[in-house]
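A quick write-up on the structure given underneath.
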Amino acid sequence: MSNLRTLAAALTLSFSLAAHAQTHDPALHQNHMAGMPADGRQLVNFPPPMREHTLANMRDHLLALSEILGAMSAGKYAQAARIADARLGMASPSAEGCSSDSGSAPQMSKPASMAQQMNELMPEGMRSIGLEMHKSASVFVGAANKAAKTGNPKPALAALTRVTQQCTSCHAAYKVQ
């Protein structure tokens, strides 16, 4: 019976939020936005395929962070480490576009890889922040694996904070167009 009450409460809340969204005054949103500072981030104008690739990578990074937080909150530190290693760390496929050696000139018979194109077109500051994010994620991997042995997640959480700080820094400085 309590599950039924919980479901009913959740549905009531959902319907209330939906009704509020339909009656939300757009002028209130505009007034809120009017007090916000202008967007001073550097525009990064990638060709469409690279833009899609970059945005897909960032969405996967966000999903990976969500999965890592879920694993950490459940005390599954080794699982969090595996997720970070595969999707965010220096060994992950997405780290290749941030490393300075991936930008070597493509061979004439072979088109440039996405990582090489990213290396050529990504602003140096953006690439540097991305590289630091991937390095921080690898540090987190070690800390999370240690937490799996010791049961103490605090160093791993501090390392994970450094990962998200890099994400925040990049999104504060750059916008992809």
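Where helices (runs of 4 or more DSSP H) fall entirely within the range 1-75, those with at least 2 residues that are over 20 Å from ILE129 (Cα atoms), modelled with pLDDT of 95 or more and assigned by TED's automatic domain parsing to the domain that holds GLY125 are at 48-73.
Does at least one position in the range 130-141 carry a residue that is over 12 Å from MET90 (Cα atoms), of a type in the set (Gly, Ala, Ser) and buried (at least 17 other Cβ atoms within 10 Å of the Cβ)? Steps first, please.
Taking the range 130-141 first, the residues over 12 Å from MET90 (Cα atoms) are none.
Taking every residue of the range 130-141 in turn, none turns out to be over 12 Å from MET90 (Cα atoms), of a type in the set (Gly, Ala, Ser) and buried (at least 17 other Cβ atoms within 10 Å of the Cβ).
Considering only residues of the range 94-129 that are surrounded by fewer than 15 Cβ atoms within 10 Å (Cβ to Cβ) and modelled with pLDDT of 90 or more, which is nearest to VAL176 (Cα to Cα)?
Quick first cut of the range 94-129, residues surrounded by fewer than 15 Cβ atoms within 10 Å (Cβ to Cβ) only: 100-101, 104-111, 113, 120, 123-125.
So of that shortlist, the ones also modelled with pLDDT of 90 or more come out as 123-125.
On the way: PRO123: 11, GLU124: 14, GLY125: 14 Å.
Only one residue tops the list, namely PRO123.
Take the residues of the range 142-163 that are part of a helix (DSSP H, G or I) and among the small types (Gly, Ala, Ser): which is nearest to ALA91 (Cα to Cα)? Top of the filtered list is GLY142.
Report the residue count in the range 150-170 for those that are within 23 Å of PRO49 (Cα to Cα) and either polar (S, T, N, Q) or in contact (Cβ under 8 Å) with a residue 60 or more places away in the chain (or both). Talk me through it step by step, then tell me what you get.
From the range 150-170, those within 23 Å of PRO49 (Cα to Cα) are 167, 170; that's our starting set.
Pick out the ones that are also either polar (S, T, N, Q) or in contact (Cβ under 8 Å) with a residue 60 or more places away in the chain (or both) and you get 167.
Final tally of qualifying residues: 1.
Considering each residue of the range 123-141, count those that are within 14 Å of SER99 (Cβ to Cβ) and within 17 Å of the chain's Cα centre (by Cα), and give that number. Quick ask: steps written out before the conclusion?
Let us first name the residues in the range 123-141 that are within 14 Å of SER99 (Cβ to Cβ), namely 124, 126-135, 137-138.
Checking which are within 17 Å of the chain's Cα centre (by Cα) leaves us with 126-135, 137-138.
Result for the range 123-141: 12.
Just to be sure, is ASN145 at pLDDT 95 or above and either closer than 23 Å to GLU52 by Cα or not hydrophobic (A, V, I, L, M, F, W, C) (or both)? Considered against the rule, which asks whether it is at pLDDT 95 or above and either closer than 23 Å to GLU52 by Cα or not hydrophobic (A, V, I, L, M, F, W, C) (or both), ASN145 comes out as yes. For ALA137, indicate whether it is at pLDDT 75 or above, in contact with a Pro (Cβ under 7 Å, 6 or more places away or on another chain) and small (Gly, Ala, Ser). It is false that ALA137 is at pLDDT 75 or above, in contact with a Pro (Cβ under 7 Å, 6 or more places away or on another chain) and small (Gly, Ala, Ser).
The values are calculated or read from the model by the stated rules, or taken from the named source; none is laboratory data. Keep in mind it's a predicted model, so treat the numbers as computed, not measured. Cβ: placed from backbone, ideal geometry, glycine included. Neighbour counts: every protein chain shown.
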